[in-house]
Every structure is written in C-alpha cells, then in structure tokens.
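A short write-up of the structure that comes next.
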There are 2 protein chains.
Amino acid sequence: MKPSTATGAGVDTRAVAVVGAGLHRYGKFDELTYHDLAQPAIRGALESAGVAWGDIEAGWCGHTQGGITLGARIFSRLGKTGLSITNVENASASGSYAFRGAWLEVASGQCDVAIALGVDKRSREISPQFVQAGIEALEAEEAKAAGKKKSQSGGRAFRPFSPVAKFAVMAREHMDKYGTTIDQVAQVSVKQHANAALNEYAQYQKPVTLEEVHEARMLVDPLTVLHSCPFGDGAAAVILMSERGIERFGIENPVWVRASISQSQEGGDDLDATTEKAARCAYEASGIGPDEIGMVELHDAFTIEEIVYVESLGLCAPGEGGKLVESGATARDGRVPVNSSGGLLAMGHPFGPTGIGQIAEIFWQLRGEAGERQIPSRPRSGLAHMVGMGGTCIVQVFSL
Amino acid sequence: MKPSTATGAGVDTRAVAVVGAGLHRYGKFDELTYHDLAQPAIRGALESAGVAWGDIEAGWCGHTQGGITLGARIFSRLGKTGLSITNVENASASGSYAFRGAWLEVASGQCDVAIALGVDKRSREISPQFVQAGIEALEAEEAKAAGKKKSQSGGRAFRPFSPVAKFAVMAREHMDKYGTTIDQVAQVSVKQHANAALNEYAQYQKPVTLEEVHEARMLVDPLTVLHSCPFGDGAAAVILMSERGIERFGIENPVWVRASISQSQEGGDDLDATTEKAARCAYEASGIGPDEIGMVELHDAFTIEEIVYVESLGLCAPGEGGKLVESGATARDGRVPVNSSGGLLAMGHPFGPTGIGQIAEIFWQLRGEAGERQIPSRPRSGLAHMVGMGGTCIVQVFSL
C-alpha cells in the first residue's frame, strides 16, 4: 500500500483509493437532463462505497457543455452540505482531470472523502458556442503553426473537424512504416464492440464483424465510421478516500491510486510521444511497470489509437501494436486486456464521463465485480489513459 | 513559515508560496484576443518571479467563456514544454479556484513550480450559450426551490439577472435590521473608486463622490449602477512554488499560502453564513485570526457585500459593517484595508482573472510593491475571498 508519488517533485503524498463507482448508460438521451444523467451515477457510486451524500467533503465535476456552475447545480440537488465544489474542463479528458482534482484534494490532506463526477450531453447539441469557439481557435492555431490558411469549412455548422483527418494520417503512417494491416486496425473495433456487448452501460451493445467495419461509411480513408467513437450523453462518478476515510467507513477492497500523471505535448511531440513520457512517469511513480499492468483503459476515439498507444505505453515494442491486437493479447481473455469496457469506440465517448467511466471499469474489474465481462485473469492493477484536444495527456495507475 | 493545513482532514501539507504576479488591465478591449490579454499577465508573473516559461511544471487556467481547452491554447503560445494543464470554471470565483488547483498541485507534491492564470472576455459577449445555460438552469432551480414560477424574462437576450435583485434585498434587509444607511453603503463605492484611481490595472481609474453614487441610474432600489461592478475583459497570473522551488530559484520575499478553504452553501445558508464558516476554517488552518489580518480583498460585486462580509469575516461585530466602513477602518489607511485594488466594483470583475487579481494585490502589498496605492501600514498578512454563482465560497489566507 505504497502511497502515490509525484513526478516533478518526487514527494510522497497521502494514499488515496477509489472506493465506489456508478454510471449512467452512455447513449442518445434527448429527453434526459444533466440532472437525470448525473443522479443515478452519483447514487450508484455512493451506494457501492456505502457512504451518504453528507459524507462527501469535496466534489469535482468534469464536463464540456453543461453551462457554468454545473457541479454546484447537480450536487445541490442531493442536498446542500457545504462541500467544496470545482468544475473542470479538459475536452475529451475532462473526466480524467476532474478525477485528478479530487485526488489532489484528498492526497494533499484537504479532506478524506471526495467525489469525481463526469457528465455531458453531446448527442444532440454537438458544438454549442463554448465548444465550437475552442475548436475553431485551436484549428486556426494549428493551421498557423503549419503555415496553412484557416480551415475553409469554418463557421458554426457541425463539420467533421480535424481529429478524423489527424487519426487517418496516423493510421496510414503506421501502416506504411510498420506494415500494419487494415484488418489489424479494424480488429480493434471488433474487439471493443464485443466487450461493449457485455456492458450494460455501453452506448453500443451489439458485436460487429471485420467485414462490417470495412464496409461501413468511409470518413477519411482508411477510417470508416466504425473506426470512430460515437457522440453521446452519459454520466460517471467515483468516490475517493484517504486511508483514514477507509478506516472510518470500514471499506473493503479499496482500489488504490498509485499514480496520476498529467502532461501536455512537448515541442513537436505528438500524442504517442506524450503518452510515452506520461506513462514512463506513471510507471516510475507507481512502482508498477508495463509488464505488471493487468488491464488498460485507453483513449480509442479512433481504432488506430489502440495500436499506437499500446506501443507508447510499453505493452509491446514500437511497430508491434497491430500484431499485438491481432494476437488477441489485448482481448478480454488476453495477456493485457485493453478497453474491456468497450472503450470510447463502443462504450461511447460523452467527454465529461469518459475518463471516469474508465476508472469505474478498472475499479469493478480489480474487485471482480464486472459481471459478464469480468476479465478472466482477475487483474490486480490497471492503467487509465486519456488525451484531450490541445495536447493534454493523463495516465493514472491503480492497484489492489 | 508554518505549512498550510487542511480543514476537513487536518493534515499538514507542503508549504507553498506565491512568488510572482502579473496582470493585464481590466476593461473593455474588443480588439484584444484571449491571447493578447493573457500573454502580458503571464510574462509579468514570470518576470517578477525570475523564472522562465520552461520552469513551469503545471498550469491552471480559470475562465468562463474562452471556449474549450483555453489553457492549452494560451500556454502553448509560450512554448510546448510538457507542463500539466487544467481548466477550471467556477463562475465569479473561477480564478480563485484555478489558484487553488495550482496550490493543490504543489501542496500535494506533484511539482515545485506552477502558474495560475485567469482570463476572460465579458464586456462584448455577456452571455454566450455556455454561460447563459448555467444562469437559466440555476434561476429555474432557485425559483423551484422558492416555490415560484420561472423568471418571466427568460430567453437568450441579456437581462439584469437575479444577482442585482438578490443583493438589493441583502441591502434593504441590512438597512432595516441594523440601521445601516445608504450613505454607508454608497461609501463602499466611493472608497473602492478612490483605490482604483491609483491602480494602473483597474477598469475605472476615476474617483466618484457620494452624490454621484446616489444619483447614478437605479438598478434595483436601493442599488444604483455605481453600487454594481462593471463587466470587463482582463487577465491575471501568479506563480506558485514549493519551498524547494524557492530555494532552487533563490526567491526573496515569498508570500506564503497559509490556507485555501473552499466550501459551498449548507442547508438554507446564504453567502454571509457560508463566508463565515469558510473564514472560521481559514483562520484555524492558517493560525492567523481576524484581528491579525492586515488586509482583505473580498467579493464586492455589489457595495452591500463589503458591509456584510466584513462582519462574516469577523472584522467587526454583526450589524456593525456599515459603521466600520463609515469609520474609515476599511480604507487604504485604515485598520484593515478592504479592496485596496479597487475591488470588483472599480478594479473590475472579468470573472476568470478576478480571484487571481486579488491574490496579485495581496502579493504586491505584502512585499511593499504596490506603488502609489501601497497600504501605509505595510500589512504582513492578507485574506482573499470570493463567492461564485451556485453557492461556492473560497477564503484564502497569505502571509510573509
């Protein structure tokens, strides 16, 4: 039960564990409000931890488009208890960073019991002004940096924005450089959909075949729509506790946070190099190496990402990601299961909840509470990885 | 040099100090982008700390309407150094909470050098969708809680929303209950404008008379427009360091963070009771009592707030706030100067920067670097207080 340690400063902090998790299914729920989505997730987390709302001392809310003060509005529905409230936005990684904020709060000794909530509605209003402004500004920056003109497709209407093109390039480059096949890339989607079919919280709960992935509507060659995550609504919540909180509430089977490493792109680095650096720090801080990690939940907004990031995370040699997936090593019954939840590709990617849903999956798998989709090897450690638009990257390691 | 201590958990954390501060003037700057506003503030903070951009290990960005990933977009302009990046939104208190996040990051041992940035543009686009959605949802909640119908003035166009009415009620109640006079309330505006006239970063730099406050356009009786803060654009940044960072960079005159207490409304409590609880925790955690606080920067979006909060902060007896202001005790040369910066009323209130601008003011005053508006008593400690829509409240204590 070694406490988490820091990267930059190398200072030991208080030990913190995840002790409860709850989700609202991801999907398209036009009729549900932010409250409707969040409350079942929060209640699920409280129930599984065996604590009451009044026990929570700090709440962090990750979202991208719920409007200002969303955390306060949602938490006050459960009772105004005086808890500390903070809202976090880090694009795709908003939930991961809300978790990290709650972790910092407990790790630094501000409180013993905290909740991290992620909630978003991204199926109906895909790009309201707050989100669109960020995307346009970032695209203009990137275009400027690349010496290009601003995207001609600008304006307020939804359009397939740069990530699709970016990851199509990532796929083509990996295929060219390492001989990775489109079957290997598509296999990621097949695997994730098979996992999601066993996940009651997943947006998609239906397996797909390799042929279906290949023959789906093309987005940007070689990526069809089944290589891409859906837009959706949803919510996820986890409870964090200090050792003292765990003693006080008599918690059994806590899942310890062993490292929470946040970095951003450095120089000309891309997401894979940033992931590699953050993972190296996380392995060092946690004392758990890549060979010991029992399961991984990683950012697979596009299939090619699993192939690239399993290399960056040190789960196989550079260039071997396609073969690793093909071998079945990242399947639920493989050596190192990746995205047993179904991942962003098939469980879904509502932004706010995504990073916290990953941690919920690790929590349940490590405790043997994942039901039908329980990883047979019963992992004793897990790694959660997210990247966010703008170049943020977060790697968090957990263990029993 | 006692380290900050916690409220909930009572655990000592690493000592953290503010070692640099920089601002961009608050005001209406239609022609300036978020970058234009942020860069001078960041450069000012780096220069005053004597560190380079590459030395910063973590950046927290507080804002309400800069669009997603604003922190990453702004920070990357100074160079992609790999720093950890997190965006925070807590309405009026967004900057205060960005500071607190950076403080948690250093206090918990994640790094030795962090920056807290607040930036917002609120003069031109007063309520884009992200902000408006939050306001409308909160008003609906409050109306529901009060058994009233939803505000009939709803819709997307700007309107004087509930805070004006809320604080007008606060003023009338204080006047009825304690015999506080409208002259005493208006005196807050006169004092703040006098202070702001000496502040090169203030939105308003012109003194006003009691008569001008009384005769200004009425918003909601008894509050005229000169009882209310302006909307504006601006930026503020401070650098935070651990003791090890301070040694490494040979920093002189660090301003130590002695407490950072975040709470929200409890039960039927209003902002004054929440402030009182948070302040009590902050005094206990810091070991600095209300009688020892050398200066205060508090949330004065409306004049009456100074009168109410000086009581909540324990600077005078309940009901004596009006007399305290009238006596000159909260003036720049008084016993406990309040809002020597000019406060939200006259320095301005761009949301993102506001809470960090307060801390910059305390930093400069404690170091004797406040120039023309230097508090003659040369305070050795200061308290920063903000509240945010939704019921959040934060009290942070600093000392040499």
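Derivation of every value follows stated rules applied to the coordinates shown; laboratory data play no part. Since we're looking at a predicted model, the values are computed, not measured. Neighbour counts run over all protein chains shown; Cβ positions are idealised from the backbone, glycine included.
Treat every Asp and Glu Cβ in chain B as -1 and every Lys and Arg Cβ as +1, leave all other atoms uncharged, and give the resulting dipole magnitude about the Cα centre to the nearest 20 debye. Before the final figure, lay out the partial values.
Numbers: 36 positive and 47 negative charges, 139 e Å.
Taking the Cα centre of chain B as origin, the dipole is about 660 debye.
In whole Hz and in residue order, list the ³J(HN,Hα) couplings for the range A:268-283 that follow from phi through the Karplus curve 6.51 cos²θ - 1.76 cosθ + 1.60, θ = phi - 60°; x for Gly and Pro.
Ordered by residue, 3J(HN,Hα) equals x, 4, 9, 4, 5, 5, 5, 4, 4, 5, 4, 5, 4, 4, 5, 5 Hz.
Tell me, what is the FRET efficiency for residue A:176 and residue B:53 to the nearest 0.05, using R0 = 35 angstrom and their Cβ-Cβ distance as r? Could you put the intermediate results ahead of the total?
Details: r = 36 Å, r/R0 = 1.02.
Computed FRET efficiency for residue A:176 and residue B:53: 0.45.
Over the range B:179-324, what is the mean sequence separation of C-alpha contacts under 8 Å (at least six apart), divided by residue count, expressed as relative contact order in percent? All intermediate terms of the calculation are to be shown ahead of the outcome.
Details: 138 pairs, mean separation 32.9, N = 146.
Relative contact order, the range B:179-324: 23 percent.
Would you please give the residues with an amide H less than 5 Å from that of residue A:297, counting only those at least 5 places away or on a separate chain, with H modeled from the backbone geometry?
Amide H neighbours of residue A:297, under 5 Å, 5+ apart: A:339, A:383, A:384, A:385.
Take the cross-link list A:277/A:323; A:80/B:28; A:121/B:277; B:166/B:191 and give me the ones stretching past 28 Å between alpha-carbons.
On the way: A:277/A:323 23 Å; A:80/B:28 36 Å; A:121/B:277 35 Å; B:166/B:191 23 Å.
Flagged as over cut-off: A:80/B:28; A:121/B:277.
Report the Cα centroid-to-centroid distance between the range A:345-393 and the range B:85-99 in angstrom, as an integer.
Each part reduced to its Cα centre gives a spacing of 27 Å.
Could you give, in nm with one decimal, how far residue A:40 is from each other copy of that position, shortest first, with labels 7 Å out from Cα toward Cβ?
So the distances to the same position in the other copies read 5.2 nm.
Say each of residue B:183 and residue B:140 gets a label point 7 Å from the Cα, pointing the same way as Cα to Cβ; how far apart are those two points in nm?
For residue B:183 paired with residue B:140, the spin-label model returns 4.7 nm.
What does the charge count around residue B:210 come to, taking other residues whose C-beta lies under 12 Å from its C-beta (Lys +1, Arg +1, Asp -1, Glu -1)?
-4
Taking Cα centroids, how far is the range B:32-54 from the range A:250-317 in Å?
32 Å
Can you tell me the FRET efficiency between residue B:30 and residue B:200 if r is taken as the Cβ-Cβ distance and R0 is 30 Å, rounded to the nearest 0.05?
Computed FRET efficiency for residue B:30 and residue B:200: 0.90.
What would the Debye equation give as log₁₀ I(q)/I(0) for the range A:75-122 at q = 0.18 Å⁻¹, counting only Cα atoms as equal point scatterers?
-0.60
Along the charge dipole of the protein assembly as shown, Cβ charges K/R +1 and D/E -1, which of A:262, B:29, B:235 sits furthest on the positive end?
B:29
Could you pull out every one of the aspartates and glutamates with an alpha carbon less than 20 Å from that of residue B:177, ignoring same-chain neighbours closer than 8 positions?
Partners found: B:221, B:269, B:270, B:272, B:276, B:305, B:306, B:311, B:320, B:326.
In what order do B:57, A:243 fall by count of nearby beta-carbon atoms within 10 Å, going from fewest to most? Show your work: numbers first, answer last.
Values: B:57 24, A:243 18.
If I rank by nearby Cβ atoms, fewest first, I get A:243, B:57.
Distances from residue B:172 to the same residue in each other copy, label points 7 Å out along Cα→Cβ, in nm, shortest first?
Sorted ascending, the copy-to-copy spacings read 6.8 nm.
Output the relative contact order of chain B, whole-number percent, from Cα pairs under 8 angstrom with separation of 6+ residues. Let's see the in-between values first.
Numbers: 950 pairs, mean separation 102.0, N = 400.
Computed value for chain B: 26 percent relative contact order.
Hey, got the Cα dimensions of chain B along the principal axes, in Å, largest first?
On the principal axes, chain B reaches 56, 45, 42 Å in Cα extent.
So what is the relative contact order of the range A:329-400, in percent, for Cα pairs below 8 Å that sit 6 or more residues apart? Mind showing how you got there, number by number?
Details: 80 pairs, mean separation 17.5, N = 72.
With pairs under 8 Å counted, the relative contact order is 24 percent.
Quick one: which residues, 5+ away or cross-chain, put their amide H under 5 Å from the amide H of residue A:233? H built at 1.01 Å from N.
Amide H to amide H, under 5 Å and 5 or more residues apart or across chains, residue A:233 pairs with A:27, A:28, A:29, A:122, A:123.
Looking at the protein assembly as shown, what % of the alpha carbon pairs are farther apart than 37 Å?
Above the 37 Å cut-off, the protein assembly as shown has 38 percent of its Cα pairs.
Can you tell me the dipole magnitude for the range A:3-107 around its Cα centre, using point charges on the Cβ only (Lys, Arg +1; Asp, Glu -1), in Debye to the nearest 20? Working shown, then result.
On the way: 8 positive and 9 negative charges, 15 e Å.
For the range A:3-107, the charge dipole is close to 80 debye.
Would you please give the FRET efficiency between residue B:369 and residue A:166, computed as 1/(1 + (r/R0)^6) with r the Cβ-Cβ distance and R0 = 41 Å, to the nearest 0.05? Before the final figure, lay out each step's value.
Numbers: r = 46 Å, r/R0 = 1.12.
It comes to 0.35.
Would you kindly give the portion of the calculated P(r) for the range A:42-137 that falls above 21 Å, as a percent of all Cα pairs?
Details: 1524 of 4560 pairs.
Counting pairs separated by more than 21 Å, the tail of P(r) holds 33 percent.
Nearest 10 degrees is fine. How inclined is helix B:354-366 to the longest principal axis of chain B, computing both from alpha carbons?
Compared with the principal axis, the helix lies near 70 degrees.
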